[in-house]
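Student: One structure is given below, represented as structure tokens, and several questions about it will come after.
The values are calculated or read from the model by the stated rules, or taken from the named source; none is laboratory data. Only a predicted model underlies this, so the values are computations on that prediction, with no experimental measurement involved. Glycine also receives a Cβ, built like all others from the backbone with ideal geometry; neighbour counts cover every protein chain displayed.
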Amino acid sequence: MSAIASESRTTAIWERILCPETGDLTAEQARVFLALRVPQSDRDRVNELSAKARAGTLTEAETAELDEYLLVDSFLTSLKAKARISLQKAGAAS
């Protein structure tokens, strides 16, 4: 199985678990999730790995590391989408 297929499957599983389109978080939970930030050191590492990818010089280990960062980003994006929808629904219910 390729790494890309595995990542796609992992992302799809997380999407089914999170159901980002449902806004069923409390406002407090939503705000906590929206406050999550990737540390600057990790953003710097992603930029470094991305530059190497563009240059075609990534090692196999670095490719796997970048893939892991992309999976985490996908998860965080889905979680924040759910949080935004939850806050929108909470505002509409008020």
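Student: Given the conditions (1) assigned to a helix (DSSP H, G or I); (2) surrounded by fewer than 16 Cβ atoms within 10 Å (Cβ to Cβ); (3) at pLDDT 95 or above, and given that D73 satisfies all but one, which numbered condition is not satisfied?
Tutor: Only one criterion in (1) assigned to a helix (DSSP H, G or I); (2) surrounded by fewer than 16 Cβ atoms within 10 Å (Cβ to Cβ); (3) at pLDDT 95 or above is unmet by D73, namely (3).
Student: Out of the residues in the range 7-24 meeting the condition of being at pLDDT 90 or above and over 23 Å from A90 (Cβ atoms), tell me which one is surrounded by the fewest Cβ atoms within 10 Å (Cβ to Cβ).
Tutor: R16
Student: Let me ask another. Quick check on the range 38-45. Is at least one of its residues exposed (fewer than 12 other Cβ atoms within 10 Å of the Cβ) and part of a loop (DSSP other than H, G, I, E, B)?
Tutor: In the first step, residues of the range 38-45 are kept if they are exposed (fewer than 12 other Cβ atoms within 10 Å of the Cβ); the result is 39-41, 44.
Now narrow it down to the ones that are part of a loop (DSSP other than H, G, I, E, B): 39.
Within the range 38-45, one or more residues are exposed (fewer than 12 other Cβ atoms within 10 Å of the Cβ) and part of a loop (DSSP other than H, G, I, E, B).
Student: Shifting gears a bit: Output the residues belonging to the range 33-70 that are under 27 Å from A90 (Cα atoms) and free of Cβ contacts under 8 Å to residues at least 40 places away in the same chain.
Tutor: A35, R37, V38
Student: While we're looking at this one, here's another question. Could you tell me which numbered condition E28 fails, if it satisfies all but one of (1) free of Cβ contacts under 8 Å to residues at least 60 places away in the same chain; (2) charged (D, E, K, R); (3) surrounded by 11 or more Cβ atoms within 10 Å (Cβ to Cβ)?
Tutor: (3)
Student: Residues that are at pLDDT 90 or above, surrounded by 15 or more Cβ atoms within 10 Å (Cβ to Cβ), assigned to a helix (DSSP H, G or I) and of a type in the set (G, A, S): does the range 54-68 have at least one?
Tutor: no
Student: Any idea which residue in the range 8-34 is farthest from E68 (Cα to Cα), counting only those that are out of contact with any helix residue (DSSP H, G or I) (no Cβ under 8 Å at 6 or more places or on another chain) and among the basic types (K, R)?
Tutor: R16
Student: Can you pull out the residues in the range 17-37 that are assigned to a helix (DSSP H, G or I) and touching a Ser or Thr at 6+ places or on another chain (Cβ under 6 Å)?
Tutor: Matches in the range 17-37: L18, A30.
Student: Taking the condition modelled with pLDDT under 95, under 14 Å from the mean Cα position of the chain (by Cα) and either surrounded by 12 or more Cβ atoms within 10 Å (Cβ to Cβ) or of a type in the set (G, A, S) (or both), does L34 pass? Explain how you work it out, then say what you get.
Tutor: Details: modelled with pLDDT under 95: no; under 14 Å from the mean Cα position of the chain (by Cα): yes; either surrounded by 12 or more Cβ atoms within 10 Å (Cβ to Cβ) or of a type in the set (G, A, S) (or both): yes.
The answer is no for L34.
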